[in-house]
1. Quick one: which residue in A:Gly149, A:Gly113, A:Gly136 is within 14 Å of the chain's Cα centre (by Cα) and on the phi > 0 side of the Ramachandran plot?
2. Inside the range A:136-151, can you point out the residues that are within 23 Å of B:Ala49 (Cβ to Cβ) and surrounded by fewer than 16 Cβ atoms within 10 Å (Cβ to Cβ)?
3. Would you mind finding the one in B:Ile62, B:Ile31 that is within 10 Å of another protein chain (Cβ to nearest Cβ) and either among the β-branched types (Val, Ile, Thr) or within 9 Å of the chain's Cα centre (by Cα) (or both)?
4. Being farther than 19 Å from A:Ser112 by Cα and part of a strand (DSSP E or B) is the filter here; which residues of the range A:124-172 pass it?
5. I need the full set of residues from the range B:34-59 which are more than 12 Å from every other protein chain (Cβ to nearest Cβ) and buried (at least 17 other Cβ atoms within 10 Å of the Cβ), in order please.
6. Specify the residue that is nearest to the other protein chains (Cβ to nearest Cβ); the eligible residues are those in the range A:152-172 that are in contact with a Gly (Cβ under 8 Å, 6 or more places away or on another chain) and surrounded by 14 or more Cβ atoms within 10 Å (Cβ to Cβ).
7. In the range A:109-123, is there at least one residue being part of a helix (DSSP H, G or I), touching a residue at least 60 places away in the same chain (Cβ under 8 Å) and polar (S, T, N, Q)?
8. What do you reckon, is A:Leu91 out of contact with any His (no Cβ under 6 Å at 6 or more places or on another chain), in contact (Cβ under 8 Å) with a residue 12 or more places away in the chain and buried (at least 23 other Cβ atoms within 10 Å of the Cβ)?
Amino acid sequence: MIVTQCVPYVLNKSFTLNTLQSRLHGLDHWWRVWKNAQLLVADPYSSKADMEVVALYALFHDSMRQTDGSDTGHGDRGYKLFEQLSHTLGLGRYLTELQGELLLEACVNHSSGHRSIDPTIAVCWDADRLDLHRKGIWPDPRLMSTPVGIDMIVNRLRTPNGPKPYIQERTA
Amino acid sequence: MPTPGQVSLNNFYQSVRFSDPLLACLMSEDIVSVALNSLALDHTSGQDAANRLRAKACDLPILMCIVLDNALTDLGYS
């Protein structure tokens with residue numbers, strides 16, 4: 001996968017890892033977003049997602065955070081880091097224009113509380129939202145984009161409104 | 001014959017052990033406490049351990065938290 005070529009560069013350049021040294025939005029989070037995405041694409045609806053783009057999203061979307069708060073524009077900065085690397089390594093040869101556009105949309109708007117009907121962006125955002133539980137927040141099914149994501153947090157759990165230590169996500 | 005809750009808890013522990021051995025170590029004592037107290041039908045004594053397990057599970061992917069919560073519910077913990 002293309003993402004494997006990007007990992008050393010991101011580890012070196014990531015503001016989130018090297019300057020902010022965030023645990024909330026750092027390596028653990030990126031790994032769980034990728035694991036969540038793999039669970040989501042097991043569903044037929046989400047199986048149309050482009051996992052090459054999803055993997056790049058997991059690596060770049062929170063790579064350039066300056067704070068652990070709302071941090072306006074961090075998705076944009078994450079995508080710009082990808083662009084720099086893409087230019088250096090010539091990744092344009094391996095990614096289509098559509099894949100680049102999907103990654104841009106997924107990164108830039110991932111913290112806006114939107115839903116998407118595009119399977120790739122939907123998987124990116126749901127995989128990210130499913131990791132809100134690390135902050136003690138149980139995801140709101142109304143903000144999920146994929147049927148399997150909704151099913152995961154509504155139907156597979158026998159405790160109503162999430163397990164005990166969590167608070168409910170606030171809808172905008 | 002193990003109950004469905006005990007089987008789920010065991011499956012959960014196996015998953016953690018392979019994906020995050022350090023966290024599995026940190027959770028093992030509480031898992032044993034929860035399992036033993038549920039065998040003795042003494043849910044009051046095991047509730048604190050169950051709460052600690054749920055808090056530690058925040059470091060795992062959400063599906064594993066769901067598996068844990070369902071196992072604890074099946075074992076009789078609130």
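The values are calculated or read from the model by the stated rules, or taken from the named source; none is laboratory data. In this text the structure is predicted, and so the values were computed from the model without any measurement. Glycine also receives a Cβ, built like all others from the backbone with ideal geometry; neighbour counts cover every protein chain displayed.
1. One residue alone meets the criteria, A:Gly113.
2. Correct list: A:Gly136 only.
3. Details: B:Ile31 fails: within 10 Å of another protein chain (Cβ to nearest Cβ).
Among B:Ile62, B:Ile31, only B:Ile62 is within 10 Å of another protein chain (Cβ to nearest Cβ) and either among the β-branched types (Val, Ile, Thr) or within 9 Å of the chain's Cα centre (by Cα) (or both).
4. A:Ile167
5. B:Val34, B:Ala35, B:Asn37, B:Ser38, B:Gly46, B:Ala49, listed by residue number.
6. A:Pro165
7. Yes; the residues of the range A:109-123 include at least one that is part of a helix (DSSP H, G or I), touching a residue at least 60 places away in the same chain (Cβ under 8 Å) and polar (S, T, N, Q).
8. No; evaluated as a whole, the condition is false for this residue.
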